[in-house]
Amino acid sequence: MQKETKRSKTRLGDEPPPPPSSVHVPDLPEDLVAEILTRLPSKSVLRARAVSSAWRRITTDPVFFAAHARRRPLEIVIHSTTAVTCPCDYPLGYHCQDDAVLDTIPVSDLQQPDRRHLIRYPNWTCKPPHRGCLVIASCEGILLLKVFSGGNYRMCNPMTRQWCELPRLPKITDPSSINEYGFYYHQASGEYRLLCRYSTQMTSTTAHTFYILSAAATEPRFLSMAGVDEEVITIGDYGCVPVALHGRLHWLRWPMPCRPTGRMVVFDTESETFHLMMLPPTPSMRVKIFAMDGQLVAAEFANTMQIDLWFLEDYANNGRWECRHQISTPPIYVQLRAAQPDLVSRVLYTVEAGTNDGDIILRPTNNGIVVYNVKKRTSRVVMVMEENNNSTFMCHVFRESLVQHECFKAPPSNGFPLINSTIHRLPMRTY
């Protein structure tokens with residue numbers, strides 16, 4: 001009787017699995033293994049390297065890095081703060097440090113949104129100089145942080161836990177006089193670079209000096225602005241976030257300057273030169289540009305009933321703008337009120353980004369986002385935090401990457417001392 005019971009358990013699969021050392025890895029073609037592994041998240045790929053020497057060789061190949069990066073979903077960054085206590089002279093219970101916590105949520109797959117932890121770093125401390133760091137830009141899986149104590153910058157890859165410092169600007173007496181124009185990837189050199197402007201107040205005017213910071217250099221490089229239009233010099237005064245497309249950065253003031261004198265500022269990241277482009281011919285000046293599916297798009301917020309989308313055709317020849325899509329906003333208002341009943345009827349939208357799948361990320365409230373799909377003409381509201389939560393959005397999108405860069409190979413690059421890898425989840429609701 002006991003033998004029959006044992007045999008029945010074997011037939012039902014109730015026997016314990018074999019130990020890991022005896023698990024057989026199928027002998028699959030390497031191209032098929034690579035195709036499967038490119039679909040895994042970065043953390044799973046890093047674990048897969050321990051399976052076998054063949055898998056490690058596949059997952060450390062530069063071709064694999066590039067293919068894996070292309071498959072990573074676009075995510076939006078959420079910033080929150082958490083109180084930290086430390087031994088000091090402050091009264092008991094007084095928190096004397098605020099840590100900034102960055103989480104991300106995927107854009108295209110929001111049926112079951114999964115908010116995941118990215119990095120954690122000190123935002124404020126009771127000890128001088130009090131201010132910590134702030135993430136100010138994101139580019140192809142690399143985050144740029146500004147360190148307030150010294151006015152310097154650090155780059156880090158949260159997936160590989162690697163980081164490096166950028167050279168410091170010379171003779172900076174007032175860090176608040178620095179404007180970060182754009183953080184970009186220089187294809188020819190394989191370097192990430194920061195374009196910034198330092199302003200010095202003179203007796204009757206303000207002098208502006210432009211620098212390019214690169215981790216591969218020991219000092220900032222001066223960028224000559226001789227003969228450059230005044231619109232380029234002053235675009236940094238408006239806090240514009242550049243849009244990266246076709247190896248260029250694009251800035252458009254919000255609200256858009258009055259025509260016909262106003263133009264869009266463009267920076268070629270390969271030649272590292274500025275030029276100007278024509279504005280979208282929109283009746284309204286309330287326009288926000290973004291990139292979607294390899295095209296430059298301008299969203300016009302002319303009224304509360306619709307959003308017009310203008311696409312730049314024939315980009316290489318400074319082509320023409322065409323209004324090809326209109327988003328009706330009343331149905332989205334209904335979804336927003338279901339998610340947040342006390343929401344007022346007149347909602348100001350702003351476009352955070354677009355994807356290659358036809359998704360547009362709109363930010364109508366402080367607690368949620370709207371993902372509108374141009375191809376399907378559908379919208380979804382995701383409340384990523386509860387009311388009175390200490391989370392806020394950042395104007396950054398993130399796409400994880402395992403691509404290796406030379407700047408991270410030089411010491412100190414063994415790990416980012418400010419990163420805390422604690423994983424946590426916060427409530428999210430989809431409507």
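The values are calculated or read from the model by the stated rules, or taken from the named source; none is laboratory data. Just so it is clear, the structure is predicted and the values come from calculations on it, not from any experiment. Please note: Cβ atoms are built from the backbone with ideal geometry, for glycine as well, and neighbour counts cover all protein chains shown. Only protein heavy atoms, including side chains, enter the accessible area calculation; ligands, DNA and RNA are left aside. Shrake-Rupley method; radii C 1.70, N 1.55, O 1.52, S 1.80 Å.
A few notes on this one:
- Some residue of the stretch 45-66 being open to solvent by 80 Å² or more (accessible area, probe 1.4 Å), modelled with pLDDT of 85 or more and within 27 Å of VAL382 (Cβ to Cβ): no
- In the stretch 178-192, residue surrounded by the most Cβ atoms within 10 Å (Cβ to Cβ) [restricted to those that are touching a Phe, Trp or Tyr at 6+ places or on another chain (Cβ under 6 Å) and more than 17 Å from VAL232 (Cα to Cα)]: TYR192
- Flag not set for HIS95, criterion: touching a Leu at 6+ places or on another chain (Cβ under 7 Å), at pLDDT below 90 and open to solvent by 10 Å² or more (accessible area, probe 1.4 Å).
- Screening HIS325 against (1) within 18 Å of ILE361 (Cβ to Cβ); (2) assigned to a loop (DSSP other than H, G, I, E, B) leaves a single unmet condition, (2).
- Condition met for VAL344 (modelled with pLDDT of 70 or more and either open to solvent by 50 Å² or more (accessible area, probe 1.4 Å) or part of a loop (DSSP other than H, G, I, E, B) (or both)): no
- Residue in the stretch 216-229 that is crowded, with 19+ Cβ neighbours inside 10 Å and small (Gly, Ala, Ser) present: no
- Check on SER189, part of a strand (DSSP E or B) and small (Gly, Ala, Ser): no
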